[in-house]
Amino acid sequence: GPWTELIGRDPLDPAVQEGLLALPYALEHLGAYEQARQRYEQAIARLEAARAQLQAAHRQVDDGQLLAALARRDGDAGNGWSRLLVSQRDDGEAVAWRVLAASPDVGAALDDYRDVLMIEIEAQPLWQVTTEAMLAPRITALRAQLQALLGTAANRLRAALHTELERLDTQTGRYLAEAHFALARHYDHAVAEATP
């Protein structure tokens, strides 16, 4: 049904996280206690996996992997500088970017970074022009300016990514705490039912 379809989606989406808890809650109120317990345990496992995914993403932002992946994809000439990166559903990397780029701050920082990155990629042939002695100092200065711009854009993007990852982690942590509480309440109810 629609609930099972919903909770099968991205576990970082608040609607999915809510669905992970709403389904066992409904099952519990219908008297399907065993199914409810299983669903609460599944919710906890999915939410813990989502938090692990967020921690891994933090590390990938810090060690440069996330931006390197973006540069690799955008630097691919066959890619046609596709801005569809964040909407390709069949791509594991794109899923992470799609979730993160939903934040307006990340989206704006991502656009700025990609604009400077594109200029840097397009300027690559210019760096090869070393035969003209008069041009060499100007090209070196231009390259340094571009590198500084790219560094600033990358720092802004990293900061926006960390802020959004922390927001997602806080949200996921709340749902995880709620799931643990609901499961504990479920066990208390089951013990009370079994006690004569």
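Things worth noting here:
- FRET efficiency estimate (nearest 0.05) - Cβ-Cβ, residue 189 to residue 52, R0 30 angstrom: 0.50
- The phi torsions of segment 60-67, fed into the Karplus equation with coefficients 6.51, -1.76 and 1.60 and a -60° offset, translate into couplings of 5, 5, 5, 8, x, 4, 5, 6 Hz, rounded to whole numbers, with Gly and Pro shown as x.
- Among 107-113, 118-124, the order from most to least packed when residues are scored by Cβ within 10 Å on average: 107-113, 118-124
- Here the Karplus curve 6.51 cos²θ - 1.76 cosθ + 1.60, taken at θ = phi - 60°, turns the phi angles of segment 110-126 into couplings of 5, 4, 4, 4, 5, 4, 5, 4, 4, 4, 4, 5, 5, 7, 3, x, 5 Hz, with x standing for Gly and Pro.
- Report note on the peptides 174-184, 10-20: ranked by the mean count of other C-beta atoms within 10 Å, highest first, their order is 10-20, 174-184.
- Put simply, when 39-52, 22-35 are sorted by average Cβ atoms within 10 angstrom per residue, most first, you get 39-52, 22-35.
- Potential extension, residue 32-residue 136 segment - 0.36 nm per residue separation minus Cα distance: 29.9 nm
- Near residue 50, once Lys and Arg are set to +1 and Asp and Glu to -1 for all other residues with Cβ below 11 Å from its Cβ, the sum equals -2.
Any read-out appearing in this document is the output of simple, stated calculations on the displayed coordinates, not a laboratory observation. All figures in this text were calculated on a predicted structure; none of them were measured in a lab. Because the Cβ atoms are built from the backbone with ideal geometry, glycine has one as well, and the counts that use them run over all protein chains shown.
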